[in-house]
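Presented below is the structure to which this report refers.
What follows is calculated from the coordinates using simple rules that are stated; it is not laboratory data. Not measured: the values here are computed from a predicted model. All Cβ positions, even for glycine, are placed from backbone atoms using ideal geometry, and neighbour counts span all protein chains on display.
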Amino acid sequence: MSTVALTETAIADAARRRRRTRRAVVWFARALTLLVILGGWELFADEKIIDPFFYGQPSGIFDQLKLWVEHGTAYGSIWLQIWVTLKEAILGFAYGVAGGIVFGVALGQVRFLADVLGPYIKIINALPRIVLGSIFFVAFGLGTTSKVLLASVLVFFVVFFNAFQGVREVDRNLVANARVLGASRWQVVRNVVIPSALVWIIASLHVAFGFSIIGAIVGEFLGAQKGLGLVIATSQNNFNPDGVFGAMVIIGVVALTAEAFIAQLERRLLAWRPPSPSETGLA
Amino acid sequence: MQTVVAREVHQVISPIAHPRSQDARIELDGVTKRFLTPSGDVFTALEDVNLVAEPGQFCAVVGPTGCGKSTTLTLVSGLDRPSAGTVRVGGAVVDEIPSGIGFVFQTDALMPWKSVLANVALGPVFRGVRKKQAQAEAREWLRRVGLAGFEDRHPHQLSGGMRKRVALAAALINAPSILLMDEPFGALDVQTKAIMSNELLGLWEQTKPTVLFITHDLEEAIALADRVVVMTAGPGTIKAVYDIDLPRPRGAVQEIRFEPRFLELYQQIWESLRDEVERAYARTAGGPR
């Protein structure tokens, strides 16, 4: 008995050690990749193989970020710019997601509505909606409204199509079962349709948040008094690539943080799902 | 809403064992069901089916695959309507899902995102019973099907046989006077199937709902049922009806198979079923009609 237990722990220990080693190697390779890219960029820029006037330089980007943090931008502190853009993105995200879910579920449930509105939604989806930013700018001016609207339009379609598809994919068996058990139409929607479409809806949220940030930035680009998009536009006009890249770094950090929140939400809401090996890969 | 509440109160006093009366009679009268296939052809699943299941009777329907057995159940449950003829449950024509019906599906119809307890509690919750009361009832039913201690698991954490028990509890918690079962144990291995059959008989004998049990397994049908209905290969019609006079309670279904009377009945019904199975097979194998 004891020798069996001993070999079992030995095997488990070995497996754990192997896993730890592998993780360390992966992280080291990741750090090395970053170092090679940034170092190469810096070096080539120093040697003027890459012209830093056009393409910036990592050290320049770092100095630019430091300058923003210490002395602010032309439109107030950098934190204010981040907050303005983030607020627009979050509001646009919230409205877009809510609208997408409501319309997606409604059209998925009511065949007639889907048949009538389907072609129009496809047409609108095929149009380059980013152009709507100009309309919103003319109609609502420099304030946050036009950016929130643009962001929510972009988000809406992503969530809508997934919610619609999710509702269409609901297991007919589950619906039949709920109906026989005495569920009303609304109870079927709430207890069967929405939970099973949730897998699809949540999958769309990752992409949707990216779109909400794009909407906010492009909206600010087109005309604003504050925000990261305006900071980028100003840097562009001043031939300051370090400023553009610096703002890009900030947006990247914001987006990654938001992504982590959404992943957390996903884990919470979809906790019932059996663990699948593919999920551990890119976590 | 008022009537629902009234029914619920009744439910609480006596969660099982309603005296079965005429409300549990199933009657199919000249029922035909046609479907339109995606290519635009008309497919006849059932043709002029006449079938009666008396209150409290365990009625098994056997037939080759694709003969419209499952369609019969969807018509009785009110999930679908016949193209011609009438379906009556308890004397009333079925034009919506009748109350007092339980349905156990061929594949799992459990909500994968709900715990086992919440799945079983669905019936009472849909009827408007308060959550706490519903969960207490569900706990009791889980105990009855031998799954006490598994309340917080999710369906995917259970074995196939355990999931079937949950499905049974979820159907029986509504104290149905009619229980429709569509090859409920078809996906189980032989041993699990035998165990589940015994448990089904045990539960059925407590409340005696009218059962319409679809299967393609003749042994299972004879071992469980009071009446075996043989259907023809599609379009489905009733070919013959056999009353099974094996005594009740039947005891273990594995052992009843060796009784001389069982073998006699088996031979007799198989004679009738064999032609249909062969016809259905010849058709799927692309042989002559």
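General observations
- Inter-label distance, A:Phe140 to A:Thr234: 2.3 nm, where each label sits 7 Å from its Cα along the C-beta direction.
- A full extension of the chain between B:Lys131 and B:Asp245 corresponds to an added length of 36.7 nm, given 0.36 nm per residue minus the alpha carbon distance.
- Alpha carbon centroid spacing (whole Å) that separates segment A:184-262 from segment B:27-87: 53 Å
- Positive-pole candidate from B:Ile238, B:His156, B:Ile26, dipole of chain B, charges at beta carbon: B:His156
- Angle in degrees between helix B:131-144 and the longest Cα principal axis of chain B, rounded to the nearest 10: 60 degrees
- The calculated 222 nm mean residue ellipticity attributable to helices in chain B amounts to -12000 deg cm²/dmol, summing -39500 (n - 2.57) over DSSP H runs of n ≥ 4 and dividing by all residues.
- Anisotropy class of chain A from Cα gyration tensor, a/c 1.5 cut: oblate
- At least 27 Å along the helix axis (C-alpha) and Kyte average at least -0.5, DSSP helices within chain A: A:2-46, A:78-109, A:144-168, A:194-222, A:241-269
- Within chain A, helix-based [θ] at 222 nm, where runs of 4 or more DSSP H residues each add -39,500 (n - 2.57), nearest 500: -27500 deg cm²/dmol
- Label point 7 Å beyond Cα of B:Asp275 along Cβ direction - residues of segment B:25-63 with amide nitrogen under 16 Å: B:63
- Mean separation of Cα contacts under 8 Å (6+ apart) over length of chain B, as relative contact order %: 25 percent
- Relative contact order for segment B:204-289: 27 percent, from Cα pairs under 8 Å spaced at least 6 residues apart, divided by residue count.
- Taken about its Cα centre, segment B:225-266 carries a charge dipole of about 120 debye when Lys and Arg each add +1 at the Cβ and Asp and Glu each add -1 at the Cβ.
- Of the chymotrypsin sites (Phe, Trp or Tyr not before Pro) found in segment B:249-289, the ones in coil according to DSSP and having at most 11 other Cβ atoms within 10 Å of their Cβ are B:Phe258.
- Three-way shape label, segment A:1-104, alpha-carbon gyration tensor, a/c 1.5: oblate
- Inter-chain shielding of B:155-164 (mean C-beta neighbours from other protein chains, 10 Å cut-off): 1
- Euclidean distance of C-alpha centroids, segment B:191-244 and segment A:41-84, integer Å: 77 Å
- Distance histogram for segment A:5-63 (every C-alpha pair counted, 5 angstrom bins, percent rounded to whole numbers): 4, 17, 15, 12, 9, 8, 8, 7, 6, 6, 5, 4, 1, 0
- Restricting the GluC sites (Glu not before Pro) of segment B:76-178 to loop positions (DSSP other than H, G, I, E, B) with no more than 16 neighbouring Cβ atoms within 10 Å leaves B:Glu96.
- Length-normalised contact order for segment A:1-119 - Cα pairs under 8 Å, 6+ apart - percent: 8 percent
- Multiplying the residue separation of A:Thr9 and A:Leu256 by 0.36 nm and subtracting their alpha-carbon distance yields 85.1 nm.
- Ranking of B:Glu255, B:Glu54 by count of other Cβ atoms within 10 Å, fewest first: B:Glu255, B:Glu54
- Under a model in which nothing but the beta-carbon of Lys, Arg (+1) and Asp, Glu (-1) is charged, segment A:58-281 shows a dipole of about 840 debye around its Cα centre.
- Förster-model FRET efficiency, 30 Å R0, B:Thr44 and B:Glu259, C-beta, rounded to 0.05: 0.20
- Ranking A:Phe62, A:Thr9, A:Leu38 by how far each Cα lies toward the positive end of the dipole of segment A:1-88 (charges on Cβ) leaves A:Thr9 at the top.
- Distance in nm between pseudo-label sites at B:Gln267 and A:Leu127 (7 Å out along the Cβ direction from Cα): 7.9 nm
- Segment A:30-127: trypsin sites (Lys or Arg not before Pro) in DSSP loop, at most 10 other beta carbons within 10 Å: A:Lys48
- Shape call, segment B:138-194: gyration tensor on alpha carbons, a/c limit 1.5: oblate
- Longest segment of chain A lacking GluC sites (Glu not before Pro) that sit in a DSSP loop with at most 14 other Cβ atoms within 10 Å: A:48-168
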